[in-house]
Amino acid sequence: MDSTEFRRRGIEMVEYICKYLETLEDRRVTPSVEPGYLRHLLPNEAPFEPEKWDDIMEDVESKIMPGVTHWQHPRFHAYFPAGNSFPSILGDMLSDGIGCIGFSWAASPACTELETIVLDWLGKAIGLPDHFLALKDGSKGGGVIQTSASECILVTMLAARAQALKRLKSQNPFVEEGHLLSKLIAYCSKEAHSCVEKAAMICFVKLRILEPDAKASLRGDILSRAMEEDEIQGLVPFFVSTTLGTTGSCAFDNLYEIGREIQKFPDVWLHVDAAYAGNSFICPELKPLLKGIEYADSFNTNPNKWLLTNFDCSTLWVRDRIRLTSALVVNPLYLKHGYSDSAIDYRHWGVPLSRRFRSLKLWFVLRSYGISGLQKYIRHHIDLAKRFEKHVLTDNRFEICNEVKLGLACFRLKGSDKINEKLLSSINESGKLHMVPASVNDKYIIRFCAVAQNASKHDIDLAWDIIVDFANEILEKDQADELTEIIERKQKETLAQKRSFFVRMVSDPKIYNPAINKAGSPRLSNDLISPINDGSTPLIRTPSKDSTWISWPLAFLFNSIENEGQKSNVSLRFRHLDTNVRPSSRRNSGSGPSSPSPDNEINTNTCLNKSPKKSQIIYKGISTPNPK
């Protein structure tokens with residue numbers, strides 16, 4: 001592609017980007033693809049011959065776009081904003097066009113100096129103390145652009161570790177550094193970003209994760225007590241990472257309390273992670289959220305989140321740049337230049353050597369919008385979040401789970417975590433809206449963030465309508481499931497009651513046969529057969545004292561069969577006796593009533609099935625196991 005075709009294709013690309021952003025609302029927010037979808041659409045190998053540009057762009061729309069999650073979509077409310085704007089895109093285009101690698105001042109003086117100036121601009125707008133500004137008289141600090149907040153926390157922890165080991169080595173010159181390293185311990189809140197834990201893993205140091213208060217804020221006394229306990233155990237506190245605007249619920253650690261407590265531990269590095277919320281401090285009314293920053297050793301925020309600057313652009317300021325660079329300096333001869341002692345070389349401020357000209361896009365944004373334009377943008381997002389909060393509060397089925405100070409509102413259905421998981425899963429699967437969950441104070445919540453640059457009140461109202469529709473469906477289904485559960489439980493209880501009744505019936509037939517009540521209680525006898533029977537009461541046969549016996553209600557049952565003249569060939573198996581009994585009746589051959597003799601009344605023709613393993617004793621037609 002030569003410059004002539006590049007001009008033409010560049011115009012086409014700008015048009016494609018504009019059309020993409022203007023028609024985002026017509027696309028599904030999240031893709032409906034499964035892992036590995038693209039592998040089946042593209043060849044296994046790169047093409048050997050060059051392909052036409054038109055064919056490449058056709059594949060972008062047919063193969064790439066179906067797998068894109070559209071972070072700029074007006075229905076995208078997950079995570080935090082992914083800053084983007086036309087000035088920022090143009091700044092990146094120019095940076096890519098220049099194509100410099102700004103690892104030192106000599107490698108690209110403008111790249112280095114513009115970064116220093118722009119970071120001072122932004123630091124002043126945020127309200128950082130003068131000691132964080134590189135160009136302030138008497139300052140030893142300064143700012144640098146990193147790739148992400150994760151890298152900011154990593155490099156500050158590396159710097160703090162290097163300072164701690166240097167101090168401990170001077171106090172214990174004959175102790176190996178590996179042993180000293182095992183004593184170091186860092187601290188953060190349970191609500192801190194996971195990158196703090198990852199940084200501790202990379203640095204090979206211990207990390208103590210502390211419980212915040214009910215508002216997800218880490219307090220000074222909790223931190224101080226933990227550090228004192230660890231010192232008693234022989235550990236060495238060296239680093240504390242606090243958060244202003246947590247990822248889960250945009251909660252704020254009490255930086256002022258923590259800063260005052262850390263004064264008792266002068267060798268501990270205090271870092272402030274304000275990746276999202278830090279951008280909002282350019283608004284005067286939000287600066288009180290920064291209270292306590294004077295105690296901090298470093299501070300980071302991400303313009304690529306909430307200052308309309310596209311990724312990557314994470315800004316970091318330090319109180320003392322020498323403490324940072326001394327931990328990261330590697331200075332081979334081929335990287336030295338004549339101004340090494342008087343100019344800033346940003347390769348000493350981070351992990352990578354090579355650096356892009358990222359300050360260009362931030363410079364373009366700050367100049368194109370001005371601080372007033374960026375303030376208006378941030379306030380608009382806060383208003384949208386407040387509007388969503390009002391929607392939630394008008395529906396008593398929902399609850400708000402955080403203090404809505406900035407552009408994030410956390411909410412949930414009143415009820416179990418399970419029903420909220422169902423709600424969020426159903427919404428995200430539909431592709432109509434995209435949100436993500438968080439766990440705050442061990443409670444499952446749903447995060448709703450104002451994200452799109454041009455988001456409107458209509459977008460918030462529409463999002464709420466979608467949430468309510470899915471909530472209605474989920475709650476109706478849940479109520480139906482609950483009703484089904486109640487019915488099943490009632491059926492089980494009824495069945496249990498019937499079984500219980502049967503047990504009581506067998507034990508006491510009075511409850512089911514009034515004839516027994518009429519007949520009165522049976523008279524137990526030591527004889528095998530009750531000798532008295534006047535024909536009006538059932539004849540009850542009872543076993544002798546020393547025999548195994550069938551309870552008298554069953555004898556009553558047999559007698560009832562006989563008296564009613566019914567003949568049964570059903571063999572009865574008694575659970576508690578190893579016995580099968582087949583009752584049958586025998587009538588006189590004449591038409592008169594049956595003889596009252598015992599032989600005619602019960603079971604003279606009873607069929608006996610003997611157990612093959614147990615000897616049996618026969619009592620007048622009833623077979624029972626030998627009790628011995």
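The values are calculated or read from the model by the stated rules, or taken from the named source; none is laboratory data. These numbers come from a predicted model, not from an experiment. Glycine gets a Cβ as well: all are built from the backbone with ideal geometry, and neighbour counts include every protein chain shown. Calculation scope for accessible area: heavy atoms of the full protein, side chains included, ligands and nucleic acids excluded. Shrake-Rupley method; radii C 1.70, N 1.55, O 1.52, S 1.80 Å.
Can you tell me which residue within the stretch 192-206, out of those that are of a type outside the set (A, V, I, L, M) and open to solvent by 20 Å² or more (accessible area, probe 1.4 Å), is nearest to GLY234 (Cα to Cα)?
Initial filter on the stretch 192-206 (of a type outside the set (A, V, I, L, M)): 193-195, 197-198, 203-204, 206.
With the extra rule that they be open to solvent by 20 Å² or more (accessible area, probe 1.4 Å), the set shrinks to 193-194, 197-198, 204, 206.
Working: HIS193: 27, SER194: 26, GLU197: 22, LYS198: 24, PHE204: 17, LYS206: 13 Å.
Top of the filtered list is LYS206.
For the stretch 136-161, which positions are closer than 13 Å to VAL236 by Cα and either open to solvent by 40 Å² or more (accessible area, probe 1.4 Å) or more than 32 Å from the chain's Cα centre (by Cα) (or both)? Please lay out each step first, then the result.
Of the stretch 136-161, the ones closer than 13 Å to VAL236 by Cα are 160-161.
Of everything in the stretch 136-161, just one residue is closer than 13 Å to VAL236 by Cα and either open to solvent by 40 Å² or more (accessible area, probe 1.4 Å) or more than 32 Å from the chain's Cα centre (by Cα) (or both), namely ARG161.
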- request: Please work out which one of (1) under 34 Å from the mean Cα position of the chain (by Cα); (2) over 30 Å from CYS250 (Cβ atoms); (3) open to solvent by 50 Å² or more (accessible area, probe 1.4 Å) is the condition MET93 fails and give its number.
  value: (1)
- prompt: Given the conditions (1) touching an Asp or Glu at 6+ places or on another chain (Cβ under 7 Å); (2) open to solvent by 50 Å² or more (accessible area, probe 1.4 Å); (3) over 26 Å from CYS449 (Cα atoms); (4) not hydroxyl-bearing (Ser, Thr, Tyr), which single one is not true for ILE185?
  reply: (2)
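Kindly indicate which of TYR334, TYR377 is touching a helix residue (DSSP H, G or I) at 6+ places or on another chain (Cβ under 9 Å) and assigned to a helix (DSSP H, G or I). Steps first, please.
Numbers: TYR334 fails: touching a helix residue (DSSP H, G or I) at 6+ places or on another chain (Cβ under 9 Å).
It is TYR377.
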- prompt: Which residue pairs have Cβ atoms closer than 6 Å, lie 6 or more positions apart in sequence or on different chains, and pair a first residue in the stretch 288-299 that is under 9 Å from LEU255 (Cβ atoms) with a second residue that is modelled with pLDDT of 95 or more and open to solvent by 60 Å² or more (accessible area, probe 1.4 Å)?
  reply: LYS291/TYR256; GLY292/TYR256
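Of the residues PRO74, PRO43, only one is over 30 Å from ALA463 (Cβ atoms) and either at pLDDT below 95 or of a type in the set (S, T, N, Q) (or both); which?
Details: PRO74 fails: over 30 Å from ALA463 (Cβ atoms).
Selected residue: PRO43, the only one of PRO74, PRO43 that is over 30 Å from ALA463 (Cβ atoms) and either at pLDDT below 95 or of a type in the set (S, T, N, Q) (or both).
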- prompt: Out of (1) in contact (Cβ under 8 Å) with a residue 24 or more places away in the chain; (2) open to solvent by 10 Å² or more (accessible area, probe 1.4 Å); (3) under 26 Å from LYS361 (Cβ atoms), what's the single condition that is false for PRO284?
  reply: (1)
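Determine whether the stretch 22-30 contains at least one residue that is more than 30 Å from ALA463 (Cβ to Cβ), open to solvent by less than 50 Å² (accessible area, probe 1.4 Å) and not β-branched (Val, Ile, Thr).
So the first thing to find is which residues in the stretch 22-30 are more than 30 Å from ALA463 (Cβ to Cβ), and the list is none.
No; the residues of the stretch 22-30 include none that is more than 30 Å from ALA463 (Cβ to Cβ), open to solvent by less than 50 Å² (accessible area, probe 1.4 Å) and not β-branched (Val, Ile, Thr).
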query: Of the residues that make up the stretch 295-308, is at least one within 15 Å of LEU128 (Cα to Cα), outside any loop (DSSP other than H, G, I, E, B) and open to solvent by 10 Å² or more (accessible area, probe 1.4 Å)?
result: yes
- request: Any residue in the stretch 154-166 that's closer than 16 Å to TYR187 by Cα: show its pairings with residues that are open to solvent by 30 Å² or more (accessible area, probe 1.4 Å) and of a type in the set (Asp, Glu) at Cβ separation under 8 Å, as long as the two are six or more apart or on different chains.
  value: ALA164/ASP267
- prompt: Between residues in the stretch 220-232 that are closer than 16 Å to LEU184 by Cα and part of a helix (DSSP H, G or I) and residues that are among the β-branched types (Val, Ile, Thr) and open to solvent by less than 80 Å² (accessible area, probe 1.4 Å), which pairs lie under 6 Å by C-beta distance while being six or more apart or on different chains?
  reply: LEU223/ILE258; ASP230/ILE185
message: Can you pull out every residue in the stretch 258-285 that is part of a helix (DSSP H, G or I), within 25 Å of GLN146 (Cα to Cα) and among the aliphatic types (A, V, I, L, M)?
response: ALA277, ILE282
field: In the stretch 96-118, residue farthest from LYS432 (Cα to Cα) [restricted to those that are hydrophobic (A, V, I, L, M, F, W, C) and open to solvent by 30 Å² or more (accessible area, probe 1.4 Å)]
entry: ALA106
